[in-house]
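Bear in mind that the values in this text are calculations on the coordinates, not laboratory data. Everything quoted here is computed from the prediction, not taken from an experiment. Cβ sites come from the backbone with ideal geometry, for glycine too, and all protein chains shown count toward neighbours.
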Amino acid sequence: MEVARLCERRIDQSVKSYAQITRFAIPLVKNVKDVPVGENLITLDYTTASASRTDDRIILRPQLISETGVDCPDINPKKRLSRHRFIYGSGLHSRGFFANSLCKVNVETGELKVWKEDDGVFPGDPKFIPKPGSDVEDDGVLVAACADMRPTGEDFLIVLNATTMEEEGRAEFSHKFPQAIHSIFLPTDSN
């Protein structure tokens with residue numbers, strides 16, 4: 001009886017800390033002692049993140065990009081390790097504006113686009129899949145597994161237009177997904 005109760009899927013979730021998207025800028029220095037004390041070491045024009053020397057340490061201060069409640073960020077894989085404008089994330093089980101949603105954040109302007117089905121639908125982390133041959137950063141689709149906890153709900157895989165965050169399609173399943181939040185997309189072609 002106790003095991004069955006523990007394995008039961010429930011709509012209400014208990015969350016103690018809330019994630020948010022932040023940007024850190026890490027200066028590359030050879031010797032901390034060669035860096036002036038108190039001077040901001042970050043000279044990038046697109047972030048308010050900072051780093052400065054205090055004693056024999058470099059202290060990093062992040063730029064806050066989103067309000068609390070956004071987790072499991074993903075970007076266009078072509079933009080990894082380079083400057084990018086868009087981050088896609090999941091509201092997961094957080095309370096507040098992002099609860100049970102998928103979102104797109106423009107890190108330069110702060111513009112936000114959100115997709116949300118219902119309070120009883122929990123999307124997992126989104127994966128951005130770029131449109132083959134396109135160099136436009138948000139040209140592609142966002143895919144996420146969604147656990148539907150409503151009494152008659154069916155779990156589904158959602159496909160969103162990554163530019164507009166509007167639904168392109170979904171695949172419903174007659175069985176329930178595990179409530180895992182992490183996923184991976186493996187393309188059949190590396191191009």
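Amide H to amide H, with H built 1.01 Å from N, Ile21 comes under 5 Å of Ile65, Ser66, Val70, counting only residues 5 or more places away or on other chains. In a fully extended conformation the segment linking Phe173 and Asn106 would gain 20.9 nm over its present Cα-Cα distance, using 0.36 nm per residue.
Measuring r between the beta carbons of Asp34 and Leu60 and using R0 = 25 Å, the FRET efficiency lands at 0.90. Full extension of the segment from Gln20 to Val136, taken as 0.36 nm per residue of separation minus the current Cα-Cα distance, would add 39.2 nm. Here's how it looks for Glu168: its modeled amide H is under 5 Å from those of Val159, Leu160, Asn161, which are all 5 or more places away or on a different chain.
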